[in-house]
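Comments concern the structure below.
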Amino acid sequence: MAVVAAYETAFAEEDCDLFVAVTTTEFRARIGLPDCDVFVQSAGGRAQVLESLEVTPISAAGTGRGTIAALAHMEARSYIDENGEPVTTPVSVEVDYRYHLVRADGAWKLESVHDVTGGRTEGQLTAGEDQAVAETMADWRAAYSAGDCAALEASTTAGFRELMAWPDCASFQQHISDQNAYCPMDVHPEDMRFRTLVDAHVGEIIVDVVEVCTLDVDEFGEPIDPPYETGAPYRYHLVEVDGAWKIAEGENGAAAEDEPANTNERAAIEAMRAYNDAWLEGDCDAYLATTTASFRSAMDASGCAAFGPASRSYSAAVADFAFTPTDIERRSAETFEIKSHETYDSLTDADGAPVDQPFLVDEYWVYTLVLVDGTWVITDIVILL
């Protein structure tokens, strides 16, 4: 709680040294305040809209080795109302935040902040938000796939359109026309979650999608059967504007590393790493320890007799394998769904024949892990398309 108080004091007093002392480097980068110049500017802007702020501790509990979650109630007098509109007379605002802290460099430091006002489940959308975002993404899908300008305006902020160099309908439609001439694109939403980024955005909704390119004909106009299809993850950041959630930013952030925040998340990630290492190193014990029997059966590698030759063949065809967890989602008390970005140099072609020049393979996968006798094990893996 002392760290939480110090964090809020740092903003109130524009004290960058204190801000750095009580936060992790990753958190500062995540909320868009990586250095003191940017922090002081942000803190000054916050001071202009807050007449007062009172923090009341509620609870703090350990969430694993070297981690703490602290819940605090905030009461503020603000010159920005609940709809984000400026007002001349300050209004009362009450919110609940849960602060996650980690032990680093001999001190407790803040690594994330979540809005849990009104009993919100951390990271989850309310029913109203879920419906609103689904409507926004349906509009964006129509805009992105067909050049629908009305749908573009309904689903994006003016700042996003300016950032993308779409100042008018004609420029946007030209972009979509050029894109579709190369490879028609579609947007497939994967998952949505709420996130509070203090000061950078009061609250935002993250939508991870897969943008799918489908080619029905080749460069000579001949039909491709079956059609060529490839997909890549993309991440959209939505903010609330006039009561609607709109896309404010987009990034390849779905491929950025999602750091595990507690013991269970770390254990699930380690199981995934051990599984991939097992294939590269031919370690059958690790393969058995990190998978369920049903998964191994589906892989046609139920035991070591089948796994050994398969792993030797795989490891001989792969070099410089890299694995990055990109999105950690705990679907239930006993289930994780974790996306990963995996790259390697392939030493063979599609038929398994050696190639003269290795080529980069860049893929995205979704792992499902379940808790079995206190251990996280893989029960399914599918490629993300």
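The values are calculated or read from the model by the stated rules, or taken from the named source; none is laboratory data. Given the structure is predicted, the values throughout are model-derived calculations rather than measurements. Don't worry about glycine lacking a Cβ; one is built from the backbone with ideal geometry, like all the others, and counts go over all protein chains shown. Surface areas here come from the heavy atoms of the whole protein model, side chains and all, with no ligands, DNA or RNA. Shrake-Rupley method; radii C 1.70, N 1.55, O 1.52, S 1.80 Å.
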### Task
Under 9 Å between Cβ atoms, at least 6 apart or on separate chains: pull out the pairs that start in the stretch 287-308 with a residue that is over 17 Å from Val382 (Cα atoms) and end on any residue that is assigned to a helix (DSSP H, G or I) and open to solvent by 70 Å² or more (accessible area, probe 1.4 Å).
Cys304/Asp285
#### Entry: Filter result (more than 21 Å from Val102 (Cβ to Cβ), modelled with pLDDT under 95 and either among the small types (Gly, Ala, Ser) or in contact with a His (Cβ under 9 Å, 6 or more places away or on another chain) (or both)) within the stretch 241-281
Gly243, Ala244, Ala248, Glu249, Gly250, Glu251, Gly253, Ala254, Ala255
#### Entry: Scope the stretch 66-92; condition modelled with pLDDT of 85 or more, open to solvent by 30 Å² or more (accessible area, probe 1.4 Å) and of a type in the set (Val, Ile, Thr); matching residues
Ile68, Val87, Thr88, Thr89, Val91
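Just to be sure I understand, how many residues within the stretch 309-336 are without any contact (Cβ under 8 Å) to a residue 40 or more places away in the chain and under 18 Å from Val366 (Cβ atoms)?
If we filter the stretch 309-336 for residues that are without any contact (Cβ under 8 Å) to a residue 40 or more places away in the chain, which is where we start, we get 309-320, 322, 331-335.
Next, only the ones that are under 18 Å from Val366 (Cβ atoms) stay: 322, 331-332, 334-335.
Summing the residues that are without any contact (Cβ under 8 Å) to a residue 40 or more places away in the chain and under 18 Å from Val366 (Cβ atoms) in the stretch 309-336 gives 5.
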### Task
Among residues belonging to the stretch 120-155 that are of a type in the set (S, T, N, Q) and open to solvent by 30 Å² or more (accessible area, probe 1.4 Å), point out the one that is nearest to Ala244 (Cα to Cα).
Gln131
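Surrounded by 14 or more Cβ atoms within 10 Å (Cβ to Cβ), part of a strand (DSSP E or B), touching a helix residue (DSSP H, G or I) at 6+ places or on another chain (Cβ under 7 Å) and in contact (Cβ under 8 Å) with a residue 60 or more places away in the chain: which single residue out of Val202, Val207, Val187 fits that description?
On the way: Val202 fails: touching a helix residue (DSSP H, G or I) at 6+ places or on another chain (Cβ under 7 Å); Val187 fails: in contact (Cβ under 8 Å) with a residue 60 or more places away in the chain.
The conditions single out Val207.
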### Query
Can you pull out the helices (runs of 4 or more DSSP H) entirely within the stretch 103-181 that have at least 2 residues that are over 19 Å from the mean Cα position of the chain (by Cα) and under 27 Å from Leu215 (Cα atoms)?
127-146, 149-155
### Task
Have a look at Phe27, Phe19, Phe39 and point out the one that is under 22 Å from Ser112 (Cβ atoms), touching a residue at least 40 places away in the same chain (Cβ under 8 Å) and in a helix (DSSP H, G or I).
Phe27
### Message
If Leu53 satisfies all but one of (1) in a helix (DSSP H, G or I); (2) touching a helix residue (DSSP H, G or I) at 6+ places or on another chain (Cβ under 7 Å); (3) among the aliphatic types (A, V, I, L, M), what's the number of the condition it fails?
### Response
(1)
### Summary
Note on Tyr287: of the conditions (1) at pLDDT 95 or above; (2) over 29 Å from the mean Cα position of the chain (by Cα); (3) within 23 Å of Tyr344 (Cα to Cα); (4) not aliphatic (A, V, I, L, M), unmet is (2)
### Task
Just give me the residues in the stretch 156-180 being of a type in the set (A, V, I, L, M, F, W, C) and buried (at least 20 other Cβ atoms within 10 Å of the Cβ), in sequence order.
Phe160, Trp166, Phe172, Ile176
